[in-house]
Structures are given as C-alpha cells and as structure tokens.
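All remarks here apply to the structure that follows.
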Amino acid sequence: MVSLDPELTARLGTFARERELTLGTLTQTVWGLVLSAHTGRSDVVFGTVVSGRPADVPDAPDMIGLYVNTVPVRVTLRPEETLAALAARVQDEFAALLPHQHSDLAADFQRAAGHGVLFDTLTAPGELPGRPAHRPRRRHRAPPWRRSGGKDATPLPGHLRRRPR
C-alpha cells in the first residue's frame with residue numbers, strides 16, 4: 001500500500017477541485033499512466049469498482065446488501081495532451097459508462113472483442129470500513145455485535161485501492 005502524506009493529499013484535492021475532477025478520476029488516470037509505463041502501451045484497459053442501486057429494479061431501496069460491479073476503464077494516452085486534459089477526458093468517458101454500470105459490461109465486451117480476459121488489474125475506492133468523520137456517534141448503546149475479520153481480495157493480479165484517512 002502507498003500512503004500519501006496530508007500535504008500531497010491536500011494538493012491533489014485542490015488540483016481536482018480546480019478542474020472539476022474527482023479523486024477517483026485522478027486515481028484512474030494515474031493507474032492508467034502506471035500501466036502504460038509498465039506495459040509500453042499507450043492504450044490500456046483496467047477495471048474499477050462501482051456501486052449503487054439500480055433505479056429500475058422494483059424495491060431496490062429496500063433490498064439488503066451491496067450492489068457492486070466492475071466496469072472497464074480505458075485510458076488512451078495522447079502525446080499532446082496535458083495531465084489535466086487527460087484526467088478530464090478519463091472522467092468524461094467514465095461518466096458515459098455509468099448509465100450501464102449494472103450491466104455485465106465486462107462479459108459483454110469480452111464476447112464482442114473475442115478475448116477471454118478484458119483486464120487483469122482494477123482500482124477500487126475504499127470508503128469502508130469505518131464511521132465517516134462527519135457522522136456523529138450514536139447516543140444509544142449499540143447491539144452486541146461481534147467484530148469479524150475479513151480480507152479484501154480480488155481474483156486479479158493487480159489491485160489499487162484508494163482509502164481515505
């Protein structure tokens with residue numbers, strides 16, 4: 001795991017806000033640059049984890065459990081493009097996929113492309129576990145739940161996870 005110091009994290013946040021980007025977009029862009037540098041390719045595809053409840057499924061808000069999927073992110077490097085322009089394009093292209101985030105895009109793309117594997121690395125935002133800093137502590141006593149352990153793992157050889165401090 002790579003940890004960024006608070007000063008660099010703040011500078012990245014400022015960079016993103018000034019350009020109307022998200023930290024997730026910066027993570028995807030940087031991961032694309034890393035993969036490009038290590039593979040020697042200017043066009044790379046990797047997966048990223050998305051979550052949300054499909055609005056078209058009846059009673060979705062009342063269902064228990066996580067709704068997660070892995071969707072492909074394509075980063076094509078253009079020599080004339082600045083980092084800010086690349087990140088903006090990555091964000092726009094990713095946003096265009098979001099209406100389809102509940103589809104089995106990876107399998108659909110794999111079938112269409114005739115490949116067995118579409119990507120072998122992924123990025124995942126790490127907003128869990130833990131109580132967000134802005135959420136107040138409960139005043140009542142919590143039920144006697146036991147804390148259980150777990151391991152974050154994927155079947156892929158590469159996995160970049162972004163976790164807030």
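Every number here is computed from the coordinates shown, using simple stated rules; none is lab data. The structure displayed is predicted, hence computed values, not measured ones. Positions of Cβ are generated from backbone atoms using ideal geometry, with glycine treated the same way; all protein chains shown enter the neighbour counts.
In nanometres, what is the gap between the two model label sites at GLU81 and VAL34, each 7 Å from Cα along Cα-to-Cβ?
A separation of 1.9 nm, rounded to one decimal place.
Please list 3J(HN,Hα) in residue order for the stretch 55-66, calculated via the Karplus relation 6.51 cos²θ - 1.76 cosθ + 1.60 where θ = phi - 60°; whole Hz, with x for glycine and proline.
Couplings: 5, 7, 8, x, 6, 4, x, 8, 7, 9, x, 8 Hz.
Which whole-Hz ³J(HN,Hα) couplings does the stretch 97-102 yield from phi under the Karplus relation 6.51 cos²θ - 1.76 cosθ + 1.60, θ = phi - 60°, glycine and proline marked x?
Rounded to whole hertz, the list is 7, 4, x, 10, 5, 8.
What is the local net charge at ARG11, summed over the other residues whose Cβ is closer than 14 Å to its Cβ (Lys, Arg +1; Asp, Glu -1)?
After counting each charged neighbour, the total is -1.
Can you list residues whose amide H is under 5 Å from THR48's amide H, if they're 5+ apart or on another chain and H is modeled 1.01 Å from N?
Placed amide hydrogens put VAL71, VAL73, THR123 under 5 Å from THR48.
Apply the Karplus parameterisation 6.51 cos²θ - 1.76 cosθ + 1.60, with θ equal to phi minus 60°, to every residue of the stretch 4-15 and state each ³J(HN,Hα) to the nearest whole Hz, in sequence, with x for glycine and proline.
After applying 6.51 cos²θ - 1.76 cosθ + 1.60, I find 9, 5, x, 5, 5, 4, 5, 5, 5, x, 5, 4 Hz.
Please list, in chain and number order, the residues 5+ apart from TYR67 or on another chain whose amide H is under 5 Å from its amide H, with Hs placed from the backbone.
It is GLY52, by chain and number.
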